[in-house]
Amino acid sequence: MWLVVQMSIPTRRRALPVTGARTARPRAVPGGRLGGWPAVATAAGPAVDSDLVRAARGLPVSRTPVWFMRQAGRSLPEYRALRAGTAMLQACQDPDLVTEITLQPVRRHGVDAAILFSDIVLPLVVAGVDIEIKPGIGPVVASPIRTVADVDALPPLEPDRLDFLATAVRRLVGELGATPLIGFAGAPFTLATYLIEGGPSKEHARTKAFMYAEPEAWQRLLERLAVSAATFLRVQVDGGASAVQLFDSWAGVLSATDYATRVLPHSRAVFDGLDASGAGEAMVPKVHFGVGTGELLPLIGDAGADVVGVDWRVPLDEAARRVGPGYSLQGNLDPAVLLADRETVDREVRRVVEQGRAARGHVFNLGHGVLPDTDPGVLTHVVELVHELSAR
Ligand code: CP3
């Protein structure tokens, strides 16, 4: 085994591009949009041997892959310029804008993966739920779910309404070449919090009250959200996404018992539904992420993930112990560190890279999304530093 690994790395290295960004430079056309889309790529395209996919599977890598949650967004002036005058959820349904915004951080930072520009509430919006994303606030639902009848009235997501998504993903995969595209969806619990609270919330008290008081309706709601998340992911994988991430951002508000019995089965159903609908093809690696999930880490992988996303609260060596063998880790630099001085940034990046060595594979990321005030130059620097520290 050792011999095979030793022999295979130099060969693979020669085949790798210098950085994904250099190979992924899209052709510009007037108006800053893109044109001349190459042929359709599949899930088994050139990114299948990328460091991101290899780290997710626990295979040797040429260097630790790095990308940032919310890498496409308000930290980038080119994003703010492109988004001006277009509402967030409208932008998410415009294949030209989705493609360009997704590529922006890949070009600028040389990250090892692109993440689709979209939002976790988009499948609900496409299905016909009245939701708006208010700047500085987040998703706001016009008629929150408060009764069992509201659950039953939730419209299903028809896959043929996702043509814009299939188009964007195919274009992106063609443009990205050997750089993997990460597809994503919101997990049933986190989507339920928005539907029940009507918007962002700290305590998620209404959500938990509904979960305890209406267990059957709760189950039906999460089952429906799991089907729509799997549908949303399936379109992205069919279009050629190389990995998927399930965002259960707010699962950390639950006790381990409630999470295990009332939530985890539905997140598992998303991954299972994705696998079942793509029978026979090579399965893409799956990342499962939430914030404040220190107590839930032993369970998060159980949903069917290959990679467990960790926020900044638990160091990666400790997280590796909690998740157990058989999983790679993603994370976990505190996004606030990027607002501090360069010495602090470098020290913390070094620590995360070191502690990440305890896992079978490590995908460097932040513990949560990039804060809008972050200097994009610091993000580029972090990519370079992670690569330098981990080059084999
Ligand atoms: O770069 C990327 O990571 C890809 C795009 C992405 C967005 N949202 C774009 C976005 C992803 C993966 C998401 C997921 C998402 N959306 C999550 C899970 C991840 C997490 O942060 O925990 C959640 C909880 C949402 C819901 C949501 N959408 C929130 C809380 C907000 C922020 C509201 C605000 O203005 O502060 C959004 C809006 C949103 N989603 C923006 C972006 C780039 C900002 C929109 C803008 O430019 O005004």
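What follows is calculated from the coordinates using simple rules that are stated; it is not laboratory data. Predicted model, so just to flag it, every value in this text is computed and none were measured. Note that we place each Cβ from the backbone using ideal geometry, even for glycine, and neighbour counts take in every protein chain shown.
Structure remark: mean-square fluctuation, Gaussian network model of the chain, C-alpha springs under 10 Å; the largest value among Gly294, Gly239, Gly136 belongs to Gly136. Considering only alpha-carbon pairs that sit under 8 angstrom and 6 or more positions apart, the relative contact order computed for the chain is 20 percent. Note on the chain: Rg/Rh from C-alpha atoms, Kirkwood Rh, equals 0.94.
Taking a straight Cα-Cα cut-off under 22 Å and skipping sequence neighbours fewer than 8 places away in the same chain, the lysines within cross-link reach of Lys134 are Lys202. Summing +1 for each Lys or Arg and -1 for each Asp or Glu, what net charge is found among the other residues whose Cβ lies under 10 Å from the Cβ of Ala320? Around Ala320, the charge tally is +2.
For the range 41-390, the Cβ-based charge dipole about the Cα centre amounts to some 340 debye (Lys, Arg positive; Asp, Glu negative; other atoms uncharged).
With both residues required to sit in the range 41-390, DSSP beta bridges show an antiparallel share near 15%.
Where does the charge balance sit around Ile133 when Lys and Arg score +1, Asp and Glu -1, over other residues with C-beta under 14 Å from its C-beta? Local charge sum for Ile133: +1. Would you mind calculating the relative contact order of the range 37-165 from Cα pairs under 8 angstrom and at least 6 residues apart, reporting the percent as a whole number? 19 percent. Charge tally around Gln93: other residues with Cβ under 12 Å, Lys/Arg +1 each, Asp/Glu -1 each, net -3.
Among Ser267, Ser255, Ser75, the largest mean-square fluctuation in a Gaussian network model of the chain, built with springs joining Cα atoms closer than 10 Å, belongs to Ser255.
Report, in order of residue number, the helices in the chain meeting two criteria: a C-alpha extent of 30 Å or more along the helix axis, and a mean Kyte-Doolittle hydropathy of at least -1.0; treat each whole DSSP H run as one helix. Answer set is 215-239. With contacts taken as Cα pairs under 8 Å and at least 6 residues apart, the range 288-392 reaches a relative contact order of 27 percent.
Using the Cβ-Cβ distance between Glu384 and Glu216 with R0 set to 35 Å, the FRET efficiency from 1/(1 + (r/R0)^6) comes to roughly 0.10. A compact globular protein would have a Cα radius of gyration near 2.2 N^0.38 Å; the ratio found for the range 284-386 is 1.04. Which residues make up the longest stretch of the chain that has no GluC sites (Glu not before Pro) in a DSSP loop with at most 13 other Cβ atoms within 10 Å? Value returned for the longest uninterrupted segment is 1-202. Taking the centroid of alpha carbons for each part, the range 43-100 and the range 313-333 are 23 Å apart. Largest GNM mean-square fluctuation among Val370, Val125, Val323, using the chain with Cα springs under 10 Å: Val125.
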